Each structure stands twice: as structure tokens, then as C-alpha cells.
Amino acid sequence: MSAVIARKGIAMFVGSTIAGKAFLKASQRIVSLFFSRSTSSGGTLIGLVLAVAFLVCLSAPSEATRVKRLSLSQLSERADSVILGRVLAISTHVGPEGKMVWTDYDIMVEETLAGTPKSGVTRVSFAGGKSGNLSIGIVGVPKLEQGQRYVLFLFPPGPLASAAVGWGQGIFNVVETTVGSSARTVLVSYDREPLQLDSSGMLMRGSPINVGESGRLTVPSAQESPRAPEPQVYDANGKPVSQPPQQPAQVAAQISERNFATLDDLREFLSVERR
């Protein structure tokens, strides 16, 4: 029964992210194989997680797992808590059945921005990691950095592959940087999308940016950006002509033109969304 339910669940997951019935049929066979080897020893959840991880490795691009795109309102709606905090420590542990490694992040909570209040140090866990001789890697599972501040949209505690809603969509790096000549705090998602305000003052996701050392913000190159614009310069035969790389002044201008949202903007958004 568990394998049947899992196959249906994987069908929904794969069907929403990958075209092609042939791949779907193959994926269901893979799930059956994982379950035939895992349920005999009580590893139903582990079998499902490993099956999903395996399928993701086959189907997803190397940079990230394909996960359903959520609006900012959906992130807020699905989160049990939205917290602002700093990563104090990182550790790993093996699950009770001895088959899955979990990476644990101890977060010093500075503020509960919305939802169930949290204070002091709270632990959030993500599937995958290395503990002793057991190492499990799952494509797309977020990895936090020790000492870094984050805004986290968290599910209720439970055995989920990602503690954050929408995987990287629900994790925002709190970046202290300089925009133009002003010191700013910029919120950049794990997927590299900064929170910005549109022309009407509404919160939105901006196009991807990179966060470098000391919080330096840069615009991804055409090769890095998944939504790179088409070339604007063509030769006499109608073929695109490569354009010279942008100069630092041009990049700085593109960054400074953005209306980045502040933590107060996010607080206001959450207060309205969660009334």
C-alpha cells in the first residue's frame, strides 16, 4: 500500500516538473524498487526520500531541484513560523532507522516575524549530509552557513526533507551591503532572488543577483542567469553578436537602480498577509 501511495505521489511530483510519459513510467518502477528494498526493514519514509532524491538527480539541472514555484503569499500561508535568526552551529545525526542522515542547524532567534513564536535557540533540520561513514546527498536541499543571518519560512516540526517552505524559496540571506553610497540590508533568497518593491510599493521577487564576499552584490552573467535576455546586437547576416562584458560601473548602476525591500517591508507584508 505504501509503495502504491508513493508511486502516485511521485507521479504528481514528476508530472508537474518533467514532461514525458516514458520518464514517468520509469520513475514509478524506480520507486517500486526502492520500496521493495526498504519497507522490509521498516524504512518506508527513507525509501520515499531516497526515491525522490534519485529521481531529482536524474531530472533536475545541476544547480537546483525543480520545485513548484510559490508566490510570496503562498510562502506566508504555508509557513508555521517566519523567523529572523543567525546560525550558531551545524551538526549532523543519523535517523532512528540508521538509513538517513540529517543536517541540523541551531538558529539563535532574533525575532519571530509571523506565526508560532520561537525564541532562544531553535533547531531546523534538512535531509542529507555526512555522519561517520554514512553520506547522503540530495540535490537542491538548502545548506546554511554558520554565522550567517537568515529569514526562514518554516514548516511545523516534522520529518520533512526541507524544514523551509518551498526549499530555497523560503530562505532569505540577510545581506549587509552598500547600494550606491548607502548602507543597506538586502534580503536575497537561496535561489538568488532579492526581495524588492514594485512601482506601487508591493513586495516582489527581483531578478537574480549574486552575493559575494563582504556582501558585494553583482548581476549574474548571461551564462549564469537562467533567464538571460536574448542578444540585442546582430550582424549583417542576422546572427547575434556577443557583447562585451559589463564594466563595474555598469553593474553598480544596475544594482543601485533596484528598489530593494527592507526587513520593515517584509514585516508589513506578513502582518497584512496573516491577519
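The values are calculated or read from the model by the stated rules, or taken from the named source; none is laboratory data. Because the structure is a prediction, the values reported are computed rather than measured. FYI the Cβ positions are ideal-geometry reconstructions off the backbone, even for glycines, and counts take in every protein chain you see.
Selection of first residues in segment 128-139 that are within 13 Å of ILE90 (Cα to Cα) and of second residues that are at pLDDT 95 or above, restricted to Cβ pairs under 6 Å at least 6 apart or on distinct chains, gives the following pairs, ordered by first then second residue: GLY129/THR92; GLY129/THR103; SER131/THR92. Per this entry, SER199 is counted among residues that are at pLDDT below 90, part of a loop (DSSP other than H, G, I, E, B) and out of contact with any helix residue (DSSP H, G or I) (no Cβ under 8 Å at 6 or more places or on another chain). Selection of segment 112-128 for residues being more than 21 Å from the chain's Cα centre (by Cα) and either more than 14 Å from ASP80 (Cα to Cα) or surrounded by 14 or more Cβ atoms within 10 Å (Cβ to Cβ) (or both) yields LYS118, SER119, GLY120, VAL121. When the residues of segment 158-185 are filtered to those that are free of Cβ contacts under 8 Å to residues at least 60 places away in the same chain and assigned to a loop (DSSP other than H, G, I, E, B), the one that is farthest from LEU88 (Cα to Cα) is SER181. Among the residues of segment 159-184, those that are surrounded by fewer than 20 Cβ atoms within 10 Å (Cβ to Cβ), more than 18 Å from ALA79 (Cα to Cα) and at pLDDT 90 or above comprise VAL174, GLU176.
Restricting attention to segment 140-156, the residues that are in contact (Cβ under 8 Å) with a residue 60 or more places away in the chain and either over 16 Å from the mean Cα position of the chain (by Cα) or exposed (fewer than 15 other Cβ atoms within 10 Å of the Cβ) (or both) total 3. Strands (runs of 3 or more DSSP E) fully within segment 69-137 that include at least 1 residues being among the small types (Gly, Ala, Ser), under 22 Å from VAL175 (Cα atoms) and in contact with a strand residue (DSSP E or B) (Cβ under 9 Å, 6 or more places away or on another chain): 81-94, 101-115.
Restricting attention to segment 185-210 and to residues that are within 15 Å of GLN148 (Cβ to Cβ) and over 15 Å from the mean Cα position of the chain (by Cα), the residue that is surrounded by the most Cβ atoms within 10 Å (Cβ to Cβ) turns out to be VAL186. Within segment 96-123, residues that are farther than 28 Å from GLN74 by Cβ and in the same structural domain as VAL82 (by TED's automatic domain parsing) reach partners that are of a type in the set (A, V, I, L, M, F, W, C) and not in a strand (DSSP E or B) with beta carbons closer than 7 Å, at six or more positions or on different chains, in the pairs GLU97/ILE46; LYS99/ILE46.
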